[in-house]
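The values are calculated or read from the model by the stated rules, or taken from the named source; none is laboratory data. Because the structure is predicted, anything quoted here is derived from the model rather than measured. No Cβ is skipped: glycine too gets one built from the backbone with ideal geometry, and neighbour counts run over all protein chains shown. Side chains are part of the model used for accessible areas, which takes the heavy atoms of the whole protein and leaves out ligands, DNA and RNA. Shrake-Rupley method; radii C 1.70, N 1.55, O 1.52, S 1.80 Å.
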Amino acid sequence: MATIGYAELPVPGGGDAPQWPGALAALATAVDGHLVQHAANQADRDSLYADAPLHTVVTADDSTVWIKTSSTSNSWGTVYEPPGPWKSITLADGVMSVGGETAEYRIVGKRAYMRGRVGRVDENPWHGAGTVIAPTPLEARPAQRATWAGGQSMTGDPVTGVCRIECGTAIVWHSQDGASGGIWVDISGNYWLD
């Protein structure tokens, strides 16, 4: 039987007429591997398509898209995953959200994102270094300590309107601004979990 296109789809010709049912089945089988398949979620995908061929594409009801990355095992790569919901961060004693910006995090794939602005409950400036802002939520704890630049108010030295945020088992504030540190700290940043 002749074939056509990059997928080499079987195309029955005049001499194949007595075998049309078989020819149509061969065409359907050849096309199937190039169609986008559907699943309700990851568990459904694994149940339905574990033995699917390499490069099979599956979409989920929440718009997640996966591609099969192995011809011998149930291994998938995530092409797109919708962002998870923002979840509140439980702040350390003496720390509160300020400016209407709640301290929150969300997980997207293997990355954690944080946002929010925090200050001291007594409304005094942050001072010193190594102040714990919050314990890091368990699902957002990185395999290795993450560090990023965070904004802070410029109550003290205006040149140091940036602080350092570290995240391991706790979200920690560091600054060279000494005893005249900022009134608030912005914890917005993101990092790899693995």
Of all the residues that make up the range 167-183, how many are touching a strand residue (DSSP E or B) at 6+ places or on another chain (Cβ under 6 Å), open to solvent by 20 Å² or more (accessible area, probe 1.4 Å) and at pLDDT 85 or above?
2
Selection from the range 133-148 of residues open to solvent by 70 Å² or more (accessible area, probe 1.4 Å) and outside any loop (DSSP other than H, G, I, E, B) yields 138, 139, 147
Right, residue 102: closer than 12 Å to residue 88 by Cα and surrounded by fewer than 17 Cβ atoms within 10 Å (Cβ to Cβ) or not?
yes
Output for Cβ contacts, cut-off 7 Å, separation at least six or different chains, first residue of a type in the set (Gly, Ala, Ser) in the range 32-52, second at pLDDT 90 or above and part of a loop (DSSP other than H, G, I, E, B), reads 33/56; 40/61; 50/74
Find the residue count for the range 111-155, including only residues that are closer than 18 Å to residue 190 by Cβ and among the acidic types (Asp, Glu).
1
Restricting attention to the range 68-83, does a residue exist that is within 17 Å of residue 174 (Cβ to Cβ), loosely packed, with under 15 Cβ neighbours inside 10 Å and modelled with pLDDT under 95?
no
Among the residues of the range 110-129, count how many are open to solvent by 40 Å² or more (accessible area, probe 1.4 Å) and small (Gly, Ala, Ser).
1
Among the residues that make up the range 13-29, is at least one of them in a loop (DSSP other than H, G, I, E, B) and at pLDDT below 90?
yes
